[in-house]
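S.K.: Sharing a structure with you now.
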Amino acid sequence: MNYSMIFYLIGWTLNAMAGFMTLPLFVSLYYGESSYLYFIPVIAVSLVLGISLVHKKPKNTVFYAREGFTSVALIWIVLSIVGSLPFIISGEIPHFVDAVFETASGFTTTGSSILVNVEKMSRGMQFWRSFTHWIGGMGVLVLLLAIVPLVGGHNFQLMKAESPGPAVSKFVPKIKKSAAILYAIYIAMTVIQIILLVIFKMPVFDAVVTAFGSAGTGGFGIKVDSMASYSWQIQLITGIFMMLFGVNFTVYYLILTKKFRQAFGSEELRVYILIIALSTLAITFDAGEYFNGFGETLNHAFFQVSSIITTTGFATFDFNVWPTFSKSIIVLLMFIGASAGSTGGGLKVSRIIILTKSVYRELQRTLRPRSVKKVRFDKKPITDDTVRSVGVYLAAYFLVFSLSVLVLSLDNFDFTTSFTATAATINNIGPGLEVVGPAGGFSEFSDLSKIMMIFNMLAGRLEFYPIFSLFYLPFKR
Amino acid sequence: MNIIIVGCGKVGSTIAEQLQIENHDVTVVDIDEEVVNELTYKLDIMGVVGNGTSNTVLQEAGISDADIVIAVTEMDEMNLLCCLIAKKTSNCNTVARVRNPIYSNETEFLKKELGISMIINPELAASQEVSRLLSLPSVIEISTFANGKIEILKLKVEKNSVLCGMTLIKMRKAIPGNVLICAVEREDEALIPTGDFIIEAEDYIYIIASKKDSQLFLSSLGLFTDKVKDTIIIGGGGLAYYLATDLLYLGLDVKIIEIDRERCEELSELLPKASIIHGDGIDESLLLEEGLTTASSLVALTNLDEENIMLSLYAKKISGEKIKTVTKINKITFDEVISSLNLGSVVVPKNIMTEHILQYVRALENSYGSNVETMYRLVNGKVEALEFNVNEDSEVVDIPLKSLNIKKNILISCINRKGKIITPGGDDAIHRGDTVIVVTTESGLSDLSEILD
């Protein structure tokens with residue numbers, strides 16, 4: 001294990017953190033708040049530690065899969081802890097576990113909150129809380145890959161470990177350029193959303209944090225009722241942008257390079273849009289009684305569907321009161337999740353497609369034992385190895401899921417609460433149903449449950465194996 | 001530059017690795033998913049799985065923006081077709097590996113009619129290298145610069161050599177031939193010597209000089225400068241055929257030992273002047289019967305690296321070190337071990353091929369600005385010898401070398417001024433239009449101005 005290289009990367013992460021925190025610092029200065037005082041010591045300490053770790057580049061830069069996975073896991077844990085310090089020092093979230101929960105929820109773009117009244121928070125802290133979504137959405141390491149001078153090809157391990165989806169691909173041969181393009185698209189889309197929201201009369205601060213929340217598919221709001229009190233145009237724009245951020249970014253790159261046929265031919269994109277359309281329609285017809293007229297129902301149904309499938313977790317309506325059919329759709333969407341290579345979480349549409357197809361193949365094999373059939377995806381046959389790894393991924397997913405449901409049930413809430421709280425954290429969504437519904441929160445859970453959910457969020461965001469590697473590697477040589 | 005490499009075999013992956021180090025955007029294409037995955041896992045390059053002769057696959061690999069397409073799959077026809085398609089779709093430069101003698105005899109036609117920029121035959125290229133090594137039997141390794149005008153030769157300093165105990169300054173006075181020792185390998189260590197460096201026995205020295213000067217130097221050391229008189233080639237593959245043709249033309253006695261009867265018949269048809277022996281090349285009694293003890297050279301070209309290594313070791317032993325041996329190594333990568341064995345000269349066809357293709361890529365790139373023309377790795381990759389084109393004025397131009405603050409472990413070893421070869425002293429200066437050869441233990445120099453501290 002090349003520890004010096006891992007520490008070097010952690011050093012760069014701390015430097016990046018210091019850089020990130022200057023933004024909320026200026027925000028709180030702009031609003032004339034005292035909260036900027038709490039960012040300064042954290043920035044200073046991160047910088048000192050960070051610079052001392054990176055000032056000498058390790059001699060041995062060899063980097064294998066195990067270093068990649070371990071450093072990604074460690075970096076995300078460092079992010080969650082360092083990022084929580086301003087909340088603790090300022091006393092706005094005094095309890096350590098709560099603060100780490102909130103920050104992990106931010107970086108993993110979950111959006112589950114332990115805050116009872118977010119509106120009481122200072123602007124600087126609100127901004128920082130939402131900004132963590134934006135950072136975590138595309139990933140810190142992807143950003144580091146774009147700016148930090150690392151040599152060697154093994155860096156791809158890092159991107160692989162941090163990016164969601166069964167198969168990770170680069171746009172261009174150089175990873176540095178790939179990462180830069182990814183961030184350029186990300187920034188451009190965020191800025192467009194902010195501008196559109198401001199045009200439709202959303203206050204600038206609200207527009208920026210809402211854009212951060214939808215870009216990272218996070219879902220921290222700055223109002224107790226999330227997005228309910230904004231105009232329908234603002235809700236529609238946010239709904240559409242959440243959907244866009246749940247699309248594989250490769251599609252945007254293909255559009256930018258004018259390869260339209262390849263872009264729109266993506267099987268995952270088509271299924272993703274189909275699922276959104278069908279779910280929206282089903283809910284529109286099922287939950288019509290809660291709204292005035294078809295148009296309003298459609299808008300709310302679309303917003304909720306888009307918010308849940310992309311694992312954002314904004315809400316314009318407390319869907320906890322909806323009929324069971326609509327609620328069931330919402331819960332199923334939680335599991336499906338967004339597209340691979342997007343900022344969203346969940347199982348990912350591509351995995352669902354591959355799983356469904358492999359079930360079909362298995363059926364065919366059982367009934368006609370001599371038939372040979374390859375699972376195809378995007379019109380190309382995929383290897384049995386990929387099919388296998390998707391199946392095993394599902395197994396890992398449900399192992400963690402079961403453990404979490406068990407741990408959370410110790411708090412003795414109703415079953416729906418424990419179940420959906422697990423689903424909401426492991427899929428990086430935010431709200432669940434009942435106690436943890438859009439109108440509720442996670443504050444009532446015990447510390448043990450909160451720690452379990454922090455684990456869920458990190459494991460879900462990094463797709464399990466990096467976090468698992470922390471438990472595996474120290475015991476194996 | 002954007003470079004697409006079709007075929008990720010030995011050569012394809014070596015080229016991909018080097019081009020990636022030289023900061024090009026590399027995309028590899030291969031039909032075998034596993035090979036592509038392994039390579040993209042190791043290097044910072046992009047991989048596409050598919051048939052490189054398919055336009056769709058080439059499009060996916062980004063053919064429309066490609067500057068060069070290098071086709072190095074196992075099959076000649078595929079390589080040619082791939083280059084043809086690439087040329088038609090994007091008008092880029094194309095390089096094809098073509099191995100079959102039928103095609104390589106028609107290289108010029110293929111280049112012209114199919115628009116392929118470079119056709120390279122790995123066995124032909126390797127045979128040229130072997131032939132050169134046989135023409136200078138006392139030399140272990142030859143690297144050429146400036147279209148063959150300048151050479152770096154690797155020599156072993158024997159115990160009884162006059163060089164032992166000499167400093168470099170003394171050597172330059174005592175021994176005729178305007179040569180410079182640019183690198184020394186001493187017990188696995190690479191050294192860039194200065195004037196007061198003392199040569200010891202068992203050192204391997206790398207001398208740089210023009211062809212004429214190195215001949216003079218070698219002969220004044222009492223080393224063989226005549227080419228060998230006869231050779232035994234073990235293994236009668238394509239490389240052996242090209243080599244034999246070349247050597248027979250130069251008037252050597254050539255004996256080929258080949259295990260396959262049919263191939264023997266074929267060779268005897270192709271090479272009427274050579275003696276073809278049907279038999280197992282690693283049969284000791286056969287080798288002795290065919291006069292190994294009196295032969296002046298042996299070239300081990302079987303398909304098994306281990307066999308070739310054993311053959312050379314055996315030949316050295318049995319002849320009491322008098323024989324010149326050349327060992328072909330295809331696959332084995334333990335450079336340190338190989339160089340510690342007494343194998344004589346070693347040729348690695350994939351490396352020769354890679355050098356050729358890289359030189360082509362670099363030359364092409366020079367027309368775009370950067371300026372490394374040729375690069376060789378010496379002493380197991382610990383030393384690099386780079387040839388720079390001085391196209392424009394920079395901080396190093398027109399200033400006497402002694403006034404330049406040059407980094408440690410960098411030696412300006414040769415200046416080629418319009419064909420005139422200068423071994424530079426402190427008062428010489430680099431001018432515009434020169435090509436300069438720099439020898440260094442530092443890796444990754446890409447511009448001449450980087451030699452300054």
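S.K.: Could you please find all residues in segment A:208-250 being of a type in the set (Gly, Ala, Ser), more than 14 Å from A:Met189 (Cβ to Cβ) and not in a loop (DSSP other than H, G, I, E, B)? First the steps, then the outcome.
M.R.: Here is the first cut: in segment A:208-250, the ones of a type in the set (Gly, Ala, Ser) are A:211, A:213-216, A:218-219, A:221, A:226, A:228-229, A:231, A:239, A:246.
Of the ones still in play, those that are also more than 14 Å from A:Met189 (Cβ to Cβ) are A:218-219, A:221, A:226, A:228-229, A:231, A:239.
Within segment A:208-250, just A:Gly239 meets the criteria.
S.K.: Of all residues in segment A:317-347, count the ones that are β-branched (Val, Ile, Thr), at pLDDT 90 or above and in contact with a helix residue (DSSP H, G or I) (Cβ under 8 Å, 6 or more places away or on another chain).
M.R.: Narrowing segment A:317-347 to residues β-branched (Val, Ile, Thr): A:321, A:324, A:329-331, A:336, A:343.
Okay, now just the ones that are also at pLDDT 90 or above, so A:324, A:329-331, A:336.
Applying the additional criterion that residues be in contact with a helix residue (DSSP H, G or I) (Cβ under 8 Å, 6 or more places away or on another chain) yields A:329-331, A:336.
Residues in segment A:317-347 being β-branched (Val, Ile, Thr), at pLDDT 90 or above and in contact with a helix residue (DSSP H, G or I) (Cβ under 8 Å, 6 or more places away or on another chain): 4 in total.
S.K.: Report the residue count in segment B:238-258 for those that are outside any strand (DSSP E or B) and surrounded by fewer than 18 Cβ atoms within 10 Å (Cβ to Cβ). Walk me through it before giving the result.
M.R.: Looking only at segment B:238-258, we keep the residues that are outside any strand (DSSP E or B), and these are B:238-252.
Pick out the ones that are also surrounded by fewer than 18 Cβ atoms within 10 Å (Cβ to Cβ) and you get B:248-251.
Final tally of qualifying residues: 4.
Here's the yes/no breakdown for (1) touching a strand residue (DSSP E or B) at 6+ places or on another chain (Cβ under 6 Å); (2) modelled with pLDDT under 90:
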| position | (1), (2) |
| --- | --- |
| A:Pro173 | yes, yes |
| A:Leu182 | no, yes |
| A:Tyr186 | no, no |
| A:Ile192 | no, no |
| A:Val198 | no, no |
| A:Ala211 | no, no |
| A:Gly221 | no, yes |
| A:Val224 | no, yes |
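S.K.: Quick check on my filter: what residues within segment B:411-445 are part of a loop (DSSP other than H, G, I, E, B) and surrounded by 14 or more Cβ atoms within 10 Å (Cβ to Cβ)?
M.R.: Scanning segment B:411-445 gives B:Thr423, B:Pro424, B:Asp428, B:His431, B:Asp434, B:Thr441, B:Glu442, B:Leu445.
S.K.: Out of the residues in segment B:20-55 meeting the condition of being away from chain A (no Cβ under 12 Å) and in a helix (DSSP H, G or I), tell me which one is nearest to A:Lys177 (Cα to Cα).
M.R.: By that ranking, first place goes to B:Val35.
S.K.: Would you be able to say whether some residue in segment B:70-77 is within 25 Å of B:Leu239 (Cβ to Cβ), assigned to a helix (DSSP H, G or I) and away from chain A (no Cβ under 14 Å)? It would help to see each step written out before you state the result.
M.R.: As a first pass, look at segment B:70-77 and keep what is within 25 Å of B:Leu239 (Cβ to Cβ): B:70-77.
The next check asks that each one be assigned to a helix (DSSP H, G or I); those that pass are B:76-77.
Next, from what is left, pick out any that are away from chain A (no Cβ under 14 Å): B:76-77.
The answer is yes; a qualifying residue exists.
S.K.: Examine segment B:80-96 for a residue that is more than 14 Å from every other protein chain (Cβ to nearest Cβ), more than 23 Å from the chain's Cα centre (by Cα) and under 27 Å from A:Met159 (Cα atoms), and state whether such a residue exists. Spell out the reasoning first.
M.R.: Start the filter on segment B:80-96 by keeping residues that are more than 14 Å from every other protein chain (Cβ to nearest Cβ), which leaves B:80-96.
From what's left, more than 23 Å from the chain's Cα centre (by Cα): B:80-92.
Among the residues that remain, those that are also under 27 Å from A:Met159 (Cα atoms) are: none.
No, segment B:80-96 contains no residue that is more than 14 Å from every other protein chain (Cβ to nearest Cβ), more than 23 Å from the chain's Cα centre (by Cα) and under 27 Å from A:Met159 (Cα atoms).
S.K.: Here's another thing I want to ask about it. Out of B:Lys170, B:Lys149, B:Lys159, I need the residue that is at pLDDT 85 or above, charged (D, E, K, R) and over 23 Å from B:Thr441 (Cα atoms). Which one?
M.R.: Numbers: B:Lys149 fails: at pLDDT 85 or above; B:Lys159 fails: at pLDDT 85 or above.
Selected residue: B:Lys170, the only one of B:Lys170, B:Lys149, B:Lys159 that is at pLDDT 85 or above, charged (D, E, K, R) and over 23 Å from B:Thr441 (Cα atoms).
S.K.: Could you list, in sequence order, the residues of segment B:7-44 that are over 21 Å from the mean Cα position of the chain (by Cα) and more than 23 Å from B:Leu81 (Cβ to Cβ)?
M.R.: Passing the criteria: B:Asn23, B:His24, B:Asp25, B:Glu34, B:Asn37, B:Glu38, B:Thr40, B:Tyr41, B:Lys42, B:Leu43, B:Asp44.
Yes/no matrix, rows are residues, columns are (1) part of a loop (DSSP other than H, G, I, E, B); (2) assigned by TED's automatic domain parsing to the domain that holds B:Leu287:
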position	(1), (2)
B:Thr325	no, yes
B:Asn330	yes, yes
B:Thr333	yes, yes
B:Glu336	no, yes
B:Glu355	no, no
B:Val361	no, no
B:Glu365	no, no
B:Tyr376	no, no
B:Asn380	yes, no
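S.K.: Now, a different point. Condition (residue is in contact with a helix residue (DSSP H, G or I) (Cβ under 7 Å, 6 or more places away or on another chain), part of a strand (DSSP E or B) and closer than 21 Å to B:Ala300 by Cβ) applied to segment B:136-146: is it met by at least one residue?
M.R.: Yes, some residue in segment B:136-146 is in contact with a helix residue (DSSP H, G or I) (Cβ under 7 Å, 6 or more places away or on another chain), part of a strand (DSSP E or B) and closer than 21 Å to B:Ala300 by Cβ.
S.K.: Find the residue count for segment B:129-158, including only residues that are of a type in the set (D, E, K, R) and closer than 14 Å to B:Gln215 by Cα. Explain how you work it out, then say what you get.
M.R.: Just the residues of segment B:129-158 that are of a type in the set (D, E, K, R), to begin with: B:129, B:132, B:141, B:149, B:151, B:154, B:156, B:158.
So of that shortlist, the ones also closer than 14 Å to B:Gln215 by Cα come out as B:132, B:149, B:151, B:154.
The qualifying residues number 4.
S.K.: Among the residues in segment B:334-346, are any out of contact with any Phe, Trp or Tyr (no Cβ under 9 Å at 6 or more places or on another chain), surrounded by fewer than 17 Cβ atoms within 10 Å (Cβ to Cβ) and under 25 Å from B:Thr293 (Cβ atoms)?
M.R.: Scanning segment B:334-346 turns up at least one residue that is out of contact with any Phe, Trp or Tyr (no Cβ under 9 Å at 6 or more places or on another chain), surrounded by fewer than 17 Cβ atoms within 10 Å (Cβ to Cβ) and under 25 Å from B:Thr293 (Cβ atoms).
S.K.: Moving on. Which members of segment A:397-408 meet the condition of being under 16 Å from A:Leu355 (Cβ atoms) and either among the basic types (Lys, Arg) or exposed (fewer than 15 other Cβ atoms within 10 Å of the Cβ) (or both)?
M.R.: So in segment A:397-408, the residues under 16 Å from A:Leu355 (Cβ atoms) come out as A:397-398, A:401.
The answer is A:Phe398, and nothing else.
The values are calculated or read from the model by the stated rules, or taken from the named source; none is laboratory data. No experiment lies behind these values; they were computed from the predicted model shown. All Cβ positions, even for glycine, are placed from backbone atoms using ideal geometry, and neighbour counts span all protein chains on display.
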